[in-house]
Amino acid sequence: MAYVVKKLINGKPYYYLKASKRVDGKVVSKNIAYFGKKKPTKRDVEDKLKQIKNVVPKKEADVEHITKDVVPKDNKLYKGLPDSKSMVEISDMAVFCKKKGFVYPDSEIYGGMAGFFDYGPLGVELKNNIKNDWWKRFVQSRADVVGIDGAIISHPKVWEASGHVENFNDVYVKCKNCKKPNKIDKTEVGKVKCPECDGEYEVIGDINLMFKTNVGPVEGNVAYLRPETAQLIFTNFKAVAETSRVKLPFGIAQIGKAFRNEISPRDFLFRCREFEQMEIEFFIHPEQTECGLLKKKDNNFEFQLLTGKDQEEGKEEHATIKLGDMLDKKMLGEWHAYWIKENYQWFLDLGIDKKDLRLREHMKDELAHYSSACFDIEYKYSFGWKEVHGNANRGQFDLTKHQETSKKSMELFDEESKQKVIPRVIEPSQGVDRAFLTVLFNAYYDDKERGNVVLKLAPKLAPIKVGIFPLVNKLNKEAKEIFDLLKEDFVCQFDTSGSVGRRYARADEIGIPYCITFDFDSLKDKAVTIRDRDTTKQIRVKIDELKEVLGKLLNSEIKSEAAGKLIK
Ligand SMILES: [Zn+2]
């Protein structure tokens, strides 16, 4: 039978026709047509099926039995694939985060504020570790990227030049039937219906997604909380170029908060009203197409890729493709490919499972007005493949706009070509909160054998690196000395309450990679037991060597089996 499904891509609905059939007793469904943004009527579906039957042999499409439920009431929303590794639902993840002190709903004692969250004691550590890792890799370890930290409120002209005052609008609508509010694109007015009940929409008005505020004591001095960090990089572009002696090509990076007045924030940290971004704007001579940083071996770098063309044809399956082949097919330029590869690799280096990461090329009708090509890195959450990183070719759009609006030159003198140029821009950009969520979903294992959750975070990301336990309270003083010995070098936790087994379980749940137990033998052999979170294997290590061994273990230089005497 055939039926229509809606798939949300960046919050916008796209409609596909699916057909399912029985193969060897299993129901297999596949996309057979793509309708675009407009929800198809029953008539559209019938026409499409006629078309398909003319080109596809009947057996293949197997769409004979159209039930009367051809156009469902949109309750068949696209959901995550059932073989997803982390089957924990997003709502359960929110509960876990609250229970363990990673993330709390904001101002919960007053009933909370939708779309706002507060990071707790463990959350702030994990979030900082993610940001620091990114900053170290993309700013501090590179000679060609420098950082800034711009203001949240800027001159309102910034947002006029960027197009946000005029274009960052959605149409605010309300369902005439079930009264649920929603936001839709201008082009969708009169075309789309309520996804909940199929009701007609009543247009309430345009809504700009920027948060407005008033600066100073006089009313009317309107300013905006920044809806993205990127514009601060463009407005500071000349100042940075002149004061930091960087030469083209170079990048400016920023990590910081941004705000969007979403009508319907959802999916926990995934779509919030206040969020944090990590972005680079990388400036290149407009005529330079060759990327000197791309090595020959990078041509063999493999992505899982879902192409724009495939999506237009209704396919959902990605395929493996080499970077070199993407270049050969002219899907993108060398510099763009280089930055996508660098960021894809960053996720892999955080321990994100290769099979749960893919690249999705934007379809033509999805591209932002400033962008000539855009690829998202997506992660397979339990609620579907979702964007965790966007990588756009912004061309010369932003600098040109700021030059026009400010009447200040945005040209740079390029010494190599002896030309004054407005550079073109590649923009690798991502949300910190989404990276945080990706890391958590990827690390979350419900270990049935142990009877507790094990958070298999990469050691460099773990909020607490070492747990230190006395076997019994009688040994508290000696165990505390171990804590004092290590606390300068590692983030440690001293835990004396409950059985050691209970303490291991608590440590597993918050992702502590190594736990040390001081026991009665320790008094004699001056050694302690180190237990590995992932394998539960235990080794005996001399207290004298503890700092060195832990350092190597946490840097993943050695495996724990090789770091001391294995305890059977
Ligand atoms: Zn409705």
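Gain in length, V189 to V491, computed as 0.36 nm per residue apart minus the alpha-carbon separation, to one decimal in nm?
Working: separation 302, 0.36 × 302 = 108.72 nm, distance 5.37 nm.
In short, 103.3 nm is gained.
Which of K131/K386; K354/K568; K257/K408 have a Cα-Cα distance over 23 Å?
Correct reply: K354/K568; K257/K408.
Which semi-axes, in whole Å and largest first, does the equivalent ellipsoid of the stretch 324-446 have when worked out from the alpha carbon gyration tensor as the square roots of 5 times its eigenvalues? Spell out each step's value before the answer.
Values: eigenvalues 213, 51, 41 Å².
They are 33, 16, 14 Å, listed largest first.
List every residue whose amide H lies under 5 Å from the amide H of G36, counting only residues 5 or more places away in sequence or on a different chain, with H placed 1.01 Å from N in the peptide plane.
Y15
Angle check, please: helix 90-100 long axis (alpha carbons) against the longest principal axis of the chain (alpha carbons), in degrees 0 to 90, nearest 10.
30
Whole percent per 20 Å bin, from 0 to the bin with the longest distance: what is P(r) over all C-alpha pairs of the chain?
18, 46, 30, 6, 0
Mind checking the stretch 295-378 for trypsin sites (Lys or Arg not before Pro) that DSSP puts in a loop (not H, G, I, E or B) and that have at most 12 other Cβ atoms within 10 Å? Intermediate results must be reported in sequence, preceding the final value.
Numbers: sites: K295, K296, K297, K309, K315, K322, K329, K330, K341, K354, K355, R358, R360, K364; in loops: K295, K315, K329, K330.
Answer in residue order: K295, K329, K330.
Given Cα positions, please report Rg to Rh for the stretch 169-208, the hydrodynamic radius being the Kirkwood one. Show your work: numbers first, answer last.
Details: Rg = 9.0 Å, Rh = 9.7 Å.
So for the stretch 169-208, dividing Rg by the Kirkwood Rh gives 0.92.
Can you list residues whose amide H is under 5 Å from V103's amide H, if they're 5+ apart or on another chain and H is modeled 1.01 Å from N?
For V103, whose amide H was placed from the backbone, the distant partners under 5 Å are K98, G120.
Can you sort S417, S371, S382, S162 from fewest to most other Cβ atoms within 10 Å of each residue's own Cβ?
Values: S417 12, S371 16, S382 19, S162 24.
The order, fewest Cβ neighbours first, is S417, S371, S382, S162.
Among the listed pairs K315/K355; K191/K212; K460/K524; K157/K193, give every one whose C-alpha distance is greater than 24 Å. Numbers along the way, then the final one.
Values: K315/K355 18 Å; K191/K212 30 Å; K460/K524 33 Å; K157/K193 36 Å.
Exceeds cut-off: K191/K212; K460/K524; K157/K193.
Name the GluC sites (Glu not before Pro) in the stretch 483-549 that are in a loop by DSSP and that have at most 15 other C-beta atoms within 10 Å, would you? Intermediate results must be reported in sequence, preceding the final value.
Working: sites: E488, E509, E545, E548; in loops: E488.
Taking the stretch 483-549 and a limit of 15 other Cβ atoms within 10 Å, the loop GluC sites (Glu not before Pro) found are E488.
Q345 to C178: extension gain in nm, 0.36 nm per residue of separation minus the Cα-Cα distance? Could you put the intermediate results ahead of the total?
Working: separation 167, 0.36 × 167 = 60.12 nm, distance 4.52 nm.
Here the answer is 55.6 nm.
Please give the direction-averaged projected area of the C-alpha convex hull for the stretch 464-567, in square nanometres with one decimal. Walk me through the numbers on the way to the answer.
Values: hull surface 22.9 nm².
Mean shadow area of the hull around the Cα atoms is 5.7 nm².
As a test, work out the antiparallel percent of DSSP beta bridges whose residues both lie in the stretch 464-567, rounded to the nearest 5.
Numbers: 12 of 20 bridges.
About 60 percent, rounded to the nearest 5.
For every other residue with a beta carbon closer than 11 angstrom to the beta carbon of K174, add +1 if it is Lys or Arg and -1 if Asp or Glu, then tell me the sum. Don't skip to the answer; put the middle values down first.
Values: positive: K176, K179, K180, K183; negative: E200, E202.
Residues close to K174 contribute a combined charge of +2.
Measure up K296/K559; K136/K547; K42/K322 against 29 Å on the Cα-Cα distance and list the ones that go over.
Correct reply: K296/K559; K42/K322.
Mind checking the full-extension length gain between F413 and K295? Use 0.36 nm per residue of separation minus the Cα-Cα distance, one decimal, nm. Could the numbers behind the result be given before it?
Working: separation 118, 0.36 × 118 = 42.48 nm, distance 2.76 nm.
That works out to 39.7 nm of additional length.
Computed from the coordinates by the stated procedures, all read-outs in this text should not be read as laboratory data. Keep in mind it's a predicted model, so treat the numbers as computed, not measured. Positions of Cβ are generated from backbone atoms using ideal geometry, with glycine treated the same way; all protein chains shown enter the neighbour counts.
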